[in-house]
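Everything below concerns the one structure shown next.
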Amino acid sequence: MEKEFVWQTEQFDDIKILRYRVPAFESLSPRERIFIYYLSRAALAGRDILWDQNNRYNLKVREALERIIRDYPGDRNSDEFRQFIVYAKKVFFANGVHHHYSMDKFRPAFSKAYFRDLLSAVGASELYAETERMVFDAEYMAKRVVLDEGTDLIRASANNYYVGVSQEEVERFYGDAGEVQVSRGLNSTLVKENGRIFERVWKVGGLYGEALSEVVAWLEKAMDYACNARQQEVIRLLVDFYRTGDLEVFDAYSIAWLQDTDSSIDFINGFIEVYGDALAYKASWESVVEIVDREAGERTRKLADNALWFERHAPVDERFKRSEVKGVTARVMQVAMLGGDCHPATPIGINLPNAEWIRERYGSKSVTLDNITYAYEQAASVSGVLEEFAGSEEEKRLVREYGALGSRVHTDLHECLGHGSGRMLPGVTAEALRSYYSVIEEARADLFALYYIMDPKLVELGVIPSEEVARAEYCSYIRNGLMVQLTRLKPDEKLEEAHMRNRQAIASWVFEQGREDGVIERVVRDGKTFFVIHDFKALRGLFGQLLAEVQRIKSEGDYEGARRFIETYGVKVDARLHQEVLERYEALGVAPYAGFINPEYTPVMKDGKIVDVEISYPADFLTQMLEYGEKNRRPESQGY
Ligand code: ZN
């Protein structure tokens with residue numbers, strides 16, 4: 001455990017700013033590190049596209065904010081200036097003036113007069129007139145994406161994908177296409193001018209041409225360092241797409257990309273997700289650069305190689321076991337750079353491409369971004385949540401030391417082995433359990449993981465260093481299933497989501513069953529409830545017992561058994577405990593949304609040539625945002 005690395009640097013409003021580390025970068029060759037460097041520059045070069053896509057005033061507002069932050073000579077400690085900085089940080093975080101999640105426009109907590117004074121103090125008064133209405137008129141372009149039935153979604157949404165057209169016109173324009181395969185409209189702005197409706201395509205020489213030629217220049221640099229010839233072809237196709245704007249080329253690129261599964265470095269770069277458009281035609285620009293996590297791959301390979309051993313030793317009826325099992329090896333990656341719509345807020349897993357016809361014919365590629373999850377966990381470990389809800393000092397120690405590894409191995413066992421284990425009796429199908437199928441299936445995979453994480457086999461295989469990892473995972477699972485996950489529900493809500501239901505069902509079943517033997521004790525101290533595990537071995541036995549029962553329910557298609565188990569243990573919430581948990585959680589003041597500061601890559605030059613790249617981890621969000629705002633220069637102007 002590293003004490004000196006600061007995972008969370010600050011918190012403002014409902015946002016916390018975190019950092020992630022890229023340990024895999026250190027073990028790359030200089031050649032691979034240079035590849036990462038060029039891909040990272042390509043990932044940052046398209047940032048302005050996204051800002052403009054989100055709203056047509058965003059770049060102007062950003063210019064005003066940047067000028068003030070850089071040059072304002074006046075008092076920076078006043079209340080109003082602090083409010084101004086909070087507003088600026090929120091805008092930087094959201095890549096525009098609308099909240100990244102709720103889509104609502106931010107409301108500044110400083111006055112118009114103050115904003116005008118700030119701008120005139122930095123000699124940029126002209127920016128006031130251009131941004132005033134966007135910043136201060138709450139009704140004007142109030143929501144980035146509007147999804148309310150019965151309104152014109154295109155005119156009501158404040159995004160910048162359409163100019164002068166109505167929803168009906170858009171639907172007519174794209175609806176008449178007949179049988180086409182390409183994702184029509186994905187990479188263009190639809191414009192109505194002088195009664196004519198046409199697309200302005202995003203490409204080199206077209207709309208966003210300047211930013212895209214920067215992206216292309218960096219990608220061309222990267223091409224020489226690609227992991228293999230196939231990946232070189234992937235990059236060539238992407239460059240070709242940015243040059244032509246031809247969506248058939250984009251599809252060819254997507255197919256080549258998804259088929260490349262052996263490169264140690266991978267990337268996403270393009271117009272990808274359509275959540276920013278109410279009609280889901282237009283894609284926002286994003287990029288992620290990733291490195292294969294060899295250690296994690298090694299772990300899942302060990303489990304997958306021994307899949308049959310786990311199946312044979314499972315504590316379930318022999319009739320419900322498979323005679324052949326194949327484990328799944330996960331593609332676990334470490335993020336090296338986030339850009340566009342994946343920064344500062346980012347997903348933790350990605351499955352692409354989105355084009356349905358490609359998925360059907362060629363499949364898709366799925367990656368989990370492991371170092372991002374790890375950073376979330378590290379930040380959570382100092383959020384005070386563990387200290388507030390852990391029942392003993394021993395629990396805190398275990399979780400601090402082994403919690404992250406424990407949850408990772410749990411996920412590996414759940415995904416690589418759990419879901420693939422067991423079989424149905426002849427004639428029984430998944431339909432038998434009806435609406436309880438997915439929660440039973442999740443419970444089964446979780447129980448498989450919980451039972452095996454404490455098996456000596458895991459230490460023997462070198463997957464975990466000691467049984468303490470399993471103990472840490474047991475503590476976290478019980479604490480989360482009985483208390484912490486309730487923070488996601490509002491008062492009086494029931495559990496609806498399958499994973500949440502299954503976690504509470506398992507945790508409260510083992511609590512009940514082990515109550516007489518004192519396996520888990522419910523303790524109340526100073527009016528606060530805790531669950532303390534006293535007998536880990538007995539708890540493992542209970543997980544095994546429940547695994548046998550849940551496997552039976554699935555294999556036999558016992559609907560009544562599934563219903564009884566889930567309805568008794570996994571749906572209702574103890575209202576008093578829920579209220580208590582909500583109050584304790586609120587008192588901690590944990591922000592619900594998080595995003596990241598990127599690492600920084602610095603070329604090492606020798607005789608005017610790039611020979612290696614160094615990584616560093618900046619700690620100030622605003623500084624990084626200002627640096628990204630400086631014009632992204634082309635590689636040749638920087639001597640590469
Ligand atoms: Zn699952």
Picked from the stretch 479-513 (must be under 14 Å from LEU447 (Cα atoms) and among the small types (Gly, Ala, Ser)), the residue farthest from the ligand (Cβ to nearest atom) is SER508
For ASP117, state whether it is at pLDDT 95 or above and either under 29 Å from the mean Cα position of the chain (by Cα) or of a type in the set (Asp, Glu) (or both).
-> yes
Say we look at the stretch 364-398 and pick out the residues that are aromatic (Phe, Trp, Tyr) and farther than 12 Å from GLN8 by Cβ; which of these is modelled with the lowest pLDDT?
-> TYR374
Options LEU238, LEU258; residue that is crowded, with 18+ Cβ neighbours inside 10 Å, at pLDDT below 95 and either of a type in the set (D, E, K, R) or not in a strand (DSSP E or B) (or both) = LEU258
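Out of VAL382, VAL335, VAL328, I need the residue that is surrounded by fewer than 18 Cβ atoms within 10 Å (Cβ to Cβ) and in contact with a Cys (Cβ under 9 Å, 6 or more places away or on another chain). Which one? Show your work before the answer.
Values: VAL382 fails: in contact with a Cys (Cβ under 9 Å, 6 or more places away or on another chain); VAL335 fails: surrounded by fewer than 18 Cβ atoms within 10 Å (Cβ to Cβ).
From the options VAL382, VAL335, VAL328, the qualifying one is VAL328.
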Applying the selection to the stretch 416-426, what residues are within 16 Å of the ligand (Cβ to nearest atom) and not in a helix (DSSP H, G or I)?
-> HIS419, GLY420, SER421, GLY422
Does the stretch 540-558 contain at least one residue that is among the hydrophobic types (A, V, I, L, M, F, W, C) and more than 25 Å from PRO456 (Cβ to Cβ)?
-> yes
Residues of the stretch 338-379 satisfying the condition of being charged (D, E, K, R) and crowded, with 20+ Cβ neighbours inside 10 Å | ASP341, ASP370
Total residues in the stretch 493-516, condition free of Cβ contacts under 8 Å to residues at least 40 places away in the same chain, surrounded by 12 or more Cβ atoms within 10 Å (Cβ to Cβ) and not in a helix (DSSP H, G or I) | 3
Which ones in the stretch 332-356 are over 20 Å from TYR253 (Cβ atoms) and either modelled with pLDDT under 85 or polar (S, T, N, Q) (or both)?
-> GLN334, THR346, ILE348, GLY349
Just name the residue that is farthest from the ligand (Cβ to nearest atom) out of those in the stretch 459-469 that are of a type in the set (A, V, I, L, M) and surrounded by fewer than 24 Cβ atoms within 10 Å (Cβ to Cβ).
-> VAL459
Restrict the check to the stretch 376-392 and report whether at least one residue is within 16 Å of the ligand (Cβ to nearest atom) and either free of Cβ contacts under 8 Å to residues at least 40 places away in the same chain or closer than 27 Å to GLU496 by Cβ (or both).
-> no
Could you give every pair whose Cβ atoms fall below 6 Å, whose first residue belongs to the stretch 126-148 and is surrounded by fewer than 18 Cβ atoms within 10 Å (Cβ to Cβ), and whose second residue is part of a helix (DSSP H, G or I), counting only separations of at least 6 or pairs across chains?
-> TYR128/ARG116; TYR128/LEU119; GLU130/LYS60; PHE136/LYS112; TYR140/ARG133; VAL146/LEU153; VAL146/ALA156
Hits in the stretch 427-449 - residues which are modelled with pLDDT under 90 and near the ligand (Cβ under 10 Å from one of its atoms) | SER438
Unique residue being loosely packed, with under 15 Cβ neighbours inside 10 Å and modelled with pLDDT of 95 or more when the list is VAL550, VAL519, VAL524, VAL581 | VAL524
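The values are calculated or read from the model by the stated rules, or taken from the named source; none is laboratory data. What you are looking at is a predicted structure, and each value in this text was computed from that prediction instead of being measured. Because the Cβ atoms are built from the backbone with ideal geometry, glycine has one as well, and the counts that use them run over all protein chains shown.
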